[in-house]
Amino acid sequence: MKITSKFTLHTVAICLMFLFSCSKNEHTGYVYEKETKRPLQGVTVSYNNKQVQTDAKGYFSLIAEGDVNGTLYFYKNGYTADTIGTITPHSGKVMESTFKNSSDTIYLSKAPVIKKTIDAKIEWPITSGRFTKFYKKDNDTHDYSLVVPEGFTLTPNTSNELQVKESPYGYQMKNDTRYITASQFQMAGVNYKMVIYSVKGENDTEIINIQLNSYDKMGNQLDALLLDSRFTFEVIFYRDFVIEQNGRVTINSHSQDQFTYNEQGDITGSLTNAPVETSTVIYQLKPNGIFTKTTGND
């Protein structure tokens, strides 16, 4: 059964029609820019870890499996992102989708130009020690957890378009990740944002990441660099970093074994005061907002 759903949001003019079965659900519709009322191409539409982009006519079609009650995410660089919540009443074997709000359009507006930063008087250098208030460590298990200090809030992530540099294990933001904006600064006309978030790793271990993002004056993200990643599996991993006023970024990665192993790889005992292995990489913040790995002598 096809039905037209009506809804209200603050983004792009959209008309959606939904088709649901017991195992799959389909979202189709059109996305328009609020200011011009014209179709908007390249808007990413995501739902339950599936995502598509609108075509030249602003049209999208997304088929996803799993829970049909959820949230549609709409985002595009240079525009204010938004979401639509859906509910699905059951009628026999047919599932009909409706929106939690009721209206016939939504509008995606252009994002405001960033004119100033949160930290008007940044103190240099920026070091990892400034951000310890955003996480805590259990002294017995060595596990980390995210802390949201007073005056800070969690913001839903709406974009995963960029590959994060220095993220070898792939533990980075997902569509459902919420992050803290811990600091912002500007350098050579490029805006930078320090974000902190947690994601799940092996065996649901919580991983704390501190990430540096760069943006142009329209708010379009240019690059992403993982400054710190803290987690404990069979090995304790953590980093420290320094950002200098000349744009040089030094990242020290540390690892420490917790156990001993036999030739078959089985754990045979625990270690105390094991040596810490350290490696260092250096990046330079370029005028175009791109993080470039260097030798430190460039």
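Derivation of every value follows stated rules applied to the coordinates shown; laboratory data play no part. Remember, it's a predicted structure, so these values are computed and weren't measured experimentally. Quick reminder, even Gly has a Cβ in these numbers, built from the backbone with ideal geometry, and neighbours come from all protein chains shown.
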Where N is the number of residues in region 125-177, Cα Rg divided by 2.2 N^0.38 Å: 1.39
Calculated over region 155-220: convex hull of Cα atoms, volume per residue (Å³): 90 Å³
Quotient of Cα Rg and 2.2 N^0.38 Å for region 225-298, N being how many residues it contains: 1.48
Approximate shape of region 126-294 as ellipsoid semi-axes (Cα gyration tensor, √5λ), whole Å, largest first: 30, 18, 15
Cross-link table LYS133/LYS193; LYS110/LYS200; LYS137/LYS286; LYS76/LYS165, entries beyond 29 Å C-alpha to C-alpha: LYS110/LYS200; LYS137/LYS286
Peptides 261-274, 28-41 ordered by average Cβ neighbours within 10 Å, highest first: 28-41, 261-274
Low-density loop positions, trypsin sites (Lys or Arg not before Pro), region 199-298 - DSSP coil, at most 13 other Cβ in 10 Å: LYS217
Packing rank of 282-292, 132-142, where each peptide gets the mean count of other beta carbons within 10 Å, highest leading: 282-292, 132-142
For ARG230, net neighbour charge (Lys/Arg +1, Asp/Glu -1) across residues whose Cβ lies under 13 Å away: -2
